[in-house]
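Read the structure below first, then the notes.
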Amino acid sequence: MTLPIYPWQEPYLAAAQETDDSKIPGHLLEAIAAIEQRLLSPIDVNSLEYKAIENTRRGIDVLRQE
């Protein structure tokens, strides 16, 4: 099963694939802002998108620690 890619995921994916370590923090800030913007609209906490948001937040935390 292929999971959808949501528009707010793009900056996170860019950070995860970035090879220049100096650019990763900027991508992560963009990812956080995109998630916060998405959460301004209603979202079902049981939806695949909400689970993707939670997973992306965990991924952001991991990238920040590296």
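The values are calculated or read from the model by the stated rules, or taken from the named source; none is laboratory data. Everything numeric in this text was worked out from a predicted model, so none of it was measured. We place every Cβ from the backbone using ideal geometry, glycine too, and count neighbours over all the protein chains shown. When the accessible area is computed, the model is the full protein with side chains, heavy atoms only, and any ligands, DNA or RNA have been set aside. Shrake-Rupley method; radii C 1.70, N 1.55, O 1.52, S 1.80 Å.
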Any idea which residue in segment 1-27 is most open to solvent (accessible area, probe 1.4 Å), counting only those that are more than 16 Å from the chain's Cα centre (by Cα) and of a type outside the set (S, T, N, Q)?
Met1
Scanning segment 33-58 for residues that are free of Cβ contacts under 8 Å to residues at least 12 places away in the same chain and open to solvent by 100 Å² or more (accessible area, probe 1.4 Å) gives Glu36, Leu40, Pro42, Asn46, Arg58
Is it fair to say Leu29 is modelled with pLDDT under 95 and not acidic (Asp, Glu)?
no
Can you name the condition, by its number, that Glu30 falls short on among (1) among the charged types (D, E, K, R); (2) open to solvent by less than 70 Å² (accessible area, probe 1.4 Å); (3) touching a helix residue (DSSP H, G or I) at 6+ places or on another chain (Cβ under 9 Å)?
(2)
